[in-house]
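Here it is: the structure, laid out below.
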Amino acid sequence: ETIEKAIEKGVDALIVHHGLFWKQDKQEITGSLKKKIERLLFHQISLFAYHLPLDSHRVIGNNWRAASDLGWQELEPFGFFNGVAVGVKGRIKATKRSDVQNQLQTYYCQQAHCALGGKKEIETLALISGGAYKSLAEAAKEGIDCFITGNFDEPVWHQAFEEKINFFAMGHSATERVGPIALAEQMKLKNIDCHFLD
């Protein structure tokens, strides 16, 4: 669907967060993958995929941009994968967790799935977009009041209460729209015609 929307817009390039090839996948170009590649080649559309770089970038990345937009202070790298920090942690003035939840829901335009195992007032937060729910353990170990990511698996609920930390899952896609939108804004500033395709 995204490729078809790009074709309708007549673009030269399509920039995505999740690309077509993943290390663990078989490198067979069949089925729907073949159709996607055929459509891109036929319409001469280049495809650029930026996964972890679009999470970790400190200006337009999914995590740092969101933390900045949300008014977090004292930002530092958080959530290391293969030696690279893809997430961010920071501080806010003491805020009721219900107010933090409302702010996140407004920002991401998405209902939060919550495990409120921690303090009723939040001062320290960590964020890794997408499917980083297993990093809850790292946040708890660092004494962070609230960990935010995109999606979850059931055991994280129990872990949040056992480790006494607040947990918010804001939606995998919702947390990974921030960077592409910010990238589109930057490209427009350089007079490159750019559209965000949801």
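Under a cut-off of 16 Å between alpha-carbon atoms, report the lysines in cross-link reach of LYS120, not counting same-chain residues fewer than 8 places apart.
The qualifying lysines are LYS93, LYS96, LYS164.
Right, here's the next one. For region 45-142, what percent of Cα pairs sit more than 22 Å apart?
Here the long-distance tail beyond 22 Å is 29 percent of all Cα pairs in region 45-142.
What's the long-distance tail for the chain, i.e. % of Cα pairs beyond 24 Å? Let's see the in-between values first.
On the way: 8577 of 19503 pairs.
Roughly 44 percent, once rounded to a whole number.
Taking the solvent-accessible surface of protein heavy atoms with a 1.4 Å probe, what is the per residue accessible area of the chain in Å²?
Here the per-residue accessible area is 58 Å².
Scan around ALA13 for amide H atoms under 5 Å from its own, H built in the peptide plane at 1.01 Å from N, and keep only partners 5 or more places away or cross-chain.
Here SER46 satisfy the definition.
While we're looking at this one, here's another question. Under 28 Å between alpha carbons, and skipping anything fewer than 8 positions from LYS188 in its own chain: which lysines qualify?
LYS5, LYS9, LYS36
Given charges of +1 on the Cβ of Lys and Arg and -1 on the Cβ of Asp and Glu, with all other atoms neutral, how large is the dipole of the chain about its Cα centre, in debye to the nearest 20?
Roughly 140 debye, rounded to the nearest 20.
Another one. What value does region 95-198 have for Rg/Rh, both radii from Cα atoms and Rh as Kirkwood defines it?
Ratio of gyration radius to Kirkwood radius: 1.07.
A further question on this structure: What are the residues whose amide H is under 5 Å from the amide H of HIS57, where those residues sit 5 or more places off or on another chain and H is modelled from the backbone?
So HIS57 has HN proximity to ASN62.
List, in order, the whole-Hz ³J(HN,Hα) value for each residue of region 125-133 obtained from phi through the Karplus relation with A = 6.51, B = -1.76, C = 1.60 and θ = phi - 60°; use x for Gly and Pro.
After applying 6.51 cos²θ - 1.76 cosθ + 1.60, I find 9, 9, 9, 9, 5, x, x, 9, 4 Hz.
Output ³J(HN,Hα) for region 169-177: one whole-Hz value per residue in order, computed from phi by the Karplus curve 6.51 cos²θ - 1.76 cosθ + 1.60 with θ = phi - 60°, and x for Gly and Pro.
For region 169-177, the Karplus-derived couplings read 9, 9, x, 4, 5, 4, 6, 9, 8 Hz, x marking Gly and Pro.
Tell me the carbon and sulfur percent of the accessible area for the chain, rounded to whole percent, probe radius 1.4 Å.
Exposed carbon and sulfur together represent 51 percent of the surface.
Starting from the Cα of LYS141, move 7 Å in the Cα-to-Cβ direction to define the label point; list residues of region 62-95 whose amide nitrogen is under 12 Å from there.
Once the point is set 7 Å along Cα→Cβ of LYS141, 79-81 turn out to lie under 12 Å by backbone N, inside region 62-95.
Pairing the Cα long axis of helix 97-108 with the longest principal axis of the chain, what angle in degrees results, from 0 to 90 and rounded to the nearest 10?
10
The values are calculated or read from the model by the stated rules, or taken from the named source; none is laboratory data. As the structure is a prediction and not an experimental result, all values here were calculated from the model. Cβ: placed from backbone, ideal geometry, glycine included. Neighbour counts: every protein chain shown. For the accessible areas, the whole protein counts, side chains as well, though only heavy atoms, and no ligand, DNA or RNA atoms are used. Shrake-Rupley method; radii C 1.70, N 1.55, O 1.52, S 1.80 Å.
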